[in-house]
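Visitor: Below are the structure tokens for one structure; questions will follow.
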Amino acid sequence: MMMKKAPRALFTALFVLSGLCIYNTHAQDRYIDKNGTVIFEASEKFFEEVKAKNESVTAIFDETTNDIASLALIKGFRFKNSLMQEHFNENYVDSDTYPKATFKGKLINTNPDGLSEKITDVTVEGILELNGKQKEMTANLKGQKVGNTISLTGSFIVSPEDFNITIPKIVRNKIAKQVTVRVDFKLVKK
């Protein structure tokens with residue numbers, strides 16, 4: 001049992017340490033969330049819900065450079081149906097071979113003075129890596145800074161085929177071709 005927990009802790013520690021090294025020159029402007037939420041939904045009308053939630057996603061944001069990075073452990077996604085979770089990890093996303101999803105990018109249209117208490121539209125551009133494949137992407141999020149906390153929320157669309165995720169013919173009509181991914185980060189100044 002200890003062996004299974006060690007890789008998860010190791011990946012999280014390595015991600016956080018790499019983020020600290022990347023952002024070391026701007027330590028006073030770094031914000032971190034170790035309990036961010038990512039939800040994906042690939043449900044089709046009239047069929048069983050295909051939805052999973054991960055509430056232990058790590059995100060790091062540097063307010064000086066507008067760099068942002070996040071890491072989600074694939075096995076951290078929870079489905080209502082445990083069999084669906086098992087199939088997801090073993091048949092769709094090979095989570096033993098590719099245990100994490102990462103995003104590295106920038107907020108590109110923030111106010112020159114940074115985020116404020118007013119909720120603002122922000123665009124994030126970067127590279128999403130999942131299942132061993134990388135894809136450039138853009139997401140429109142809502143951003144807000146209140147005190148020492150920055151909130152980033154919103155959604156974007158991905159396609160399973162962009163990440164070499166093959167949907168078997170038998171369930172192809174039950175799983176959406178476009179997957180909605182919602183993010184909710186509350187990053188605290190460190």
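Visitor: Collect the residues in the stretch 134-175 that are open to solvent by less than 50 Å² (accessible area, probe 1.4 Å), in contact with a strand residue (DSSP E or B) (Cβ under 7 Å, 6 or more places away or on another chain) and of a type in the set (A, V, I, L, M, F, W, C), keeping them in residue-number order.
Guide: Met137, Ala139, Leu141, Ile150, Leu152, Phe156, Val158, Phe163, Ile167, Ile175
Visitor: Still on this structure: Restricting to the stretch 69-109, name every residue that is surrounded by fewer than 15 Cβ atoms within 10 Å (Cβ to Cβ), among the charged types (D, E, K, R) and under 19 Å from Ser56 (Cβ atoms).
Guide: If the condition is that a residue be surrounded by fewer than 15 Cβ atoms within 10 Å (Cβ to Cβ), among the charged types (D, E, K, R) and under 19 Å from Ser56 (Cβ atoms), then Arg78, Lys80, Asp96 are the ones that fit.
Visitor: Would you confirm, using the coordinates I've provided, whether Glu161 is over 26 Å from Glu49 (Cβ atoms) and of a type in the set (Asp, Glu)?
Guide: Details: over 26 Å from Glu49 (Cβ atoms): no; of a type in the set (Asp, Glu): yes.
Answer is no for this residue.
Visitor: Mind listing whichever residues of the stretch 159-190 are hydrophobic (A, V, I, L, M, F, W, C), free of Cβ contacts under 8 Å to residues at least 40 places away in the same chain and assigned to a strand (DSSP E or B)?
Guide: Of everything in the stretch 159-190, nothing turns out to be hydrophobic (A, V, I, L, M, F, W, C), free of Cβ contacts under 8 Å to residues at least 40 places away in the same chain and assigned to a strand (DSSP E or B).
Visitor: Condition test on Asn140, is it more than 21 Å from Ser70 (Cα to Cα), over 13 Å from the mean Cα position of the chain (by Cα) and either modelled with pLDDT under 95 or not charged (D, E, K, R) (or both)? Let's see the steps before the verdict.
Guide: Working: more than 21 Å from Ser70 (Cα to Cα): no; over 13 Å from the mean Cα position of the chain (by Cα): yes; either modelled with pLDDT under 95 or not charged (D, E, K, R) (or both): yes.
No.
Visitor: I want to confirm something. Restricting to the stretch 80-121 and keeping residues that are aromatic (Phe, Trp, Tyr) and not in a loop (DSSP other than H, G, I, E, B), which single residue is farthest from Ala52 (Cα to Cα)?
Guide: Step one: list which residues in the stretch 80-121 are aromatic (Phe, Trp, Tyr), which gives 88, 92, 98, 103.
Now drop any that are not not in a loop (DSSP other than H, G, I, E, B), which leaves 88, 92, 103.
On the way: Phe88: 10, Tyr92: 13, Phe103: 18 Å.
Going through the qualifying residues, I end up with Phe103.
Visitor: Return yes when Lys174 is over 17 Å from the mean Cα position of the chain (by Cα), at pLDDT below 95, within 21 Å of Thr102 (Cβ to Cβ) and not aliphatic (A, V, I, L, M) and no when it is not.
Guide: no
Visitor: Related question: Just one of the numbered conditions (1) at pLDDT 95 or above; (2) open to solvent by 80 Å² or more (accessible area, probe 1.4 Å) is not true of Pro112; which one?
Guide: (1)
The values are calculated or read from the model by the stated rules, or taken from the named source; none is laboratory data. A quick note: this is a predicted structure, and the numbers were derived from the prediction, not measured. FYI the Cβ positions are ideal-geometry reconstructions off the backbone, even for glycines, and counts take in every protein chain you see. These accessible areas exclude ligands, DNA and RNA; they are computed on the full protein's heavy atoms, side chains included. Shrake-Rupley method; radii C 1.70, N 1.55, O 1.52, S 1.80 Å.
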